[in-house]
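Structure first, then comments.
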Amino acid sequence: MFSRAPRTTSLRHISDRVMMAELLRLSSSECNNNGAPLKRLVERDLPYHQSTNFIRVRHQSNDNQWWRHWYSEDWFHVLLRVRTPVALMLFVISWTVLVIVFAGVYMYVDRLAPEVSCGLSNSSEGETIHFQGAFAFSLETTTTVGYGLPNGTNGFFENCMELQIAIYFQMLMSMTFNAFLLSFVFASVSRSQKRGAQVIFSNKAVIKRENVGGIERYILSLRIFDADSMQPVVEAHVRLYAVVHGTMHSEHNKDVRYPIRMQPMRLFRPNDDLGSVLFTSLPSRVSHHIDFHSPISPPSHLPENGCRVWDSNYIVHNCKMDLREVDTYTGGQDGLKCSVCGETYNTSENLIKHIQYSKLVESHDDIPVEGSHQEIDVDTLFRNANDKRAKLCNEPWYREFRQYFESANIELICVFEAIDPYQSGTFQAIQSYTIDDINFDEDFDPCVLSDSENNSGGDSLLPKMNRWMRRICLGRAAIGRSIKIDLEAFHKTSPVEVKE
């Protein structure tokens with residue numbers, strides 16, 4: 001009675017995706033690279049293609065006093081971000097200056113009343129304390145060493161109230177300085193940010209095409225692994241962003257303000273609806289479906305006016321929310337609607353069945369064609385995009401992806417967050433991918449193998465000493481482990497065959 005509904009590739013084959021006017025200009029007329037340089041927000045400046053987690057952003061303001069408010073209100077964390085050797089050197093200089101300042105105070109106090117014996121100098125001979133003696137006394141007071149007074153008399157300075165006050169304030173500042181130094185050293189040494197250096201990102205990201213249930217899907221994937229896999233991190237989760245640089249880094253655009261932002265990319269592996277939780281003691285795959293709503297989906301068609309709007313009567317408006325097309329296929333949301341009656345559907349197949357059934361009912365009831373479902377030509381509507389794509393069958397499917405990444409200067413930023421189980425501190429690891437770091441129509445090679453060598457143990461002296469040292473230092477040995485990770489294969493990719 002009804003013909004089988006034709007399977008379609010995805011929602012973006014039905015209508016054009018919404019994009020900002022600036023991004024449209026980048027990709028509407030050119031297929032080749034626009035020649036603009038790309039300056040990464042995250043530089044790969046560590047060995048093995050990793051990054052130091054620094055975002056390359058600085059401030060510009062006509063008010064040169066802005067830093068006084070920002071940095072003075074949060075001076076402790078600003079100081080904590082300074083490298084530990086530099087910070088310790090600053091502390092040594094500050095401590096030395098404190099000793100010298102109070103040495104000058106003691107010289108001043110001793111000269112206020114030369115006839116009074118305070119014990120700092122030989123007042124009977126009319127002498128006042130010199131800088132060397134004042135510095136030694138200030139150093140002795142700060143460190144509470146207790147070598148003795150310069151002249152060995154009047155240990156409590158009863159005759160010199162000013163000197164007692166000076167000693168009181170120096171001891172107070174010394175205790176405060178020592179407490180702050182101890183807390184700073186502990187906070188600096190126990191910083192969890194360095195834990196992110198053990199999180200390894202794959203050198204390349206891959207984009208491949210999959211065909212699931214007759215639906216084409218384009219998947220962007222990368223891999224993450226924690227080198228300290230024996231001690232799993234807590235609450236590990238991942239986020240992915242897209243940054244479209246465009247032509248902003250060209251020399252003639254250096255003073256142009258661009259609407260650049262971090263565009264979130266929805267993840268389906270791990271599912272971001274469940275928090276994008278990972279267990280990184282084994283290599284974990286992070287995947288994004290380049291669908292109708294994806295910020296890195298290349299434009300398949302452009303209207304003559306070069307402007308894209310939600311003008312299709314068959315697409316449910318996303319209301320500027322970050323959605324996933326896969327949710328429409330699993331019943332999480334409806335992405336399609338009927339232009340005649342307004343009913344919504346999760347897949348194009350269901351919408352086609354609705355249109356075909358409604359056309360049959362309306363034809364049977366002699367309903368006028370105008371304004372009814374009978375006006376809709378299903379083949380023209382849903383197969384038009386596929387026919388246009390068929391014209392490019394002699395070219396690789398990823399050509400439009402590569403051209404769009406190059407013309408729009410897209411940078412993908414992956415942010416991994418977790419909690420260190422030892423210090424209970426949150427840390428991040430960040431990686432960047434550009435067109436040079438993406439392999440098309442490839443997938444990652446397997447990198448996990450059985451740890452049979454460790455299970456055998458070995459009877460030679462060197463393996464035994466290694467196991468003994470591990471038991472003494474870590475409380476565990478290498479013998480008896482289950483698997484091991486090939487870090488060379490972790491980064492390797494190989495071409496894949498697409499199953500039609």
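The values are calculated or read from the model by the stated rules, or taken from the named source; none is laboratory data. Remember, predicted model here, so these are calculated numbers, not experimental data. Heads up, the Cβs are rebuilt from the backbone with ideal geometry, glycines too, and the neighbour counts pull from every protein chain shown. Note: areas computed on protein heavy atoms with side chains; ligands, DNA, RNA excluded. Shrake-Rupley method; radii C 1.70, N 1.55, O 1.52, S 1.80 Å.
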Checked pairs for region 352-365, first farther than 10 Å from Cys338 by Cβ, second of a type in the set (Gly, Ala, Ser) and open to solvent by 70 Å² or more (accessible area, probe 1.4 Å), C-beta under 9 Å and 6 or more apart or across chains, list as Gln356/Ser3
Might you check whether a residue that is more than 30 Å from Arg209 (Cβ to Cβ) and modelled with pLDDT of 80 or more occurs anywhere in region 398-414?
-> no
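Here's the yes/no breakdown for (1) modelled with pLDDT of 90 or more; (2) open to solvent by 10 Å² or more (accessible area, probe 1.4 Å); (3) not aromatic (Phe, Trp, Tyr):
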site: Val233; (1), (2), (3): yes, yes, yes
site: Tyr241; (1), (2), (3): yes, yes, no
site: Val256; (1), (2), (3): no, yes, yes
site: Pro259; (1), (2), (3): no, yes, yes
site: Leu274; (1), (2), (3): yes, yes, yes
site: Thr280; (1), (2), (3): yes, no, yes
site: His293; (1), (2), (3): no, yes, yes
What do you reckon, is Arg209 at pLDDT 95 or above and within 24 Å of Phe444 (Cα to Cα)?
-> no
Output for region 122-160, where each listed residue is farther than 30 Å from Ala179 by Cα and at pLDDT 80 or above | Ile129, His130
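Going by the conditions given, is Ser494 in a strand (DSSP E or B), under 28 Å from Gly246 (Cα atoms), hydroxyl-bearing (Ser, Thr, Tyr) and at pLDDT 90 or above? Show your work before the answer.
Values: in a strand (DSSP E or B): yes; under 28 Å from Gly246 (Cα atoms): no; hydroxyl-bearing (Ser, Thr, Tyr): yes; at pLDDT 90 or above: yes.
Answer is no for this residue.
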Please give the number of the condition Lys388 fails out of (1) surrounded by 12 or more Cβ atoms within 10 Å (Cβ to Cβ); (2) modelled with pLDDT of 60 or more.
-> (2)
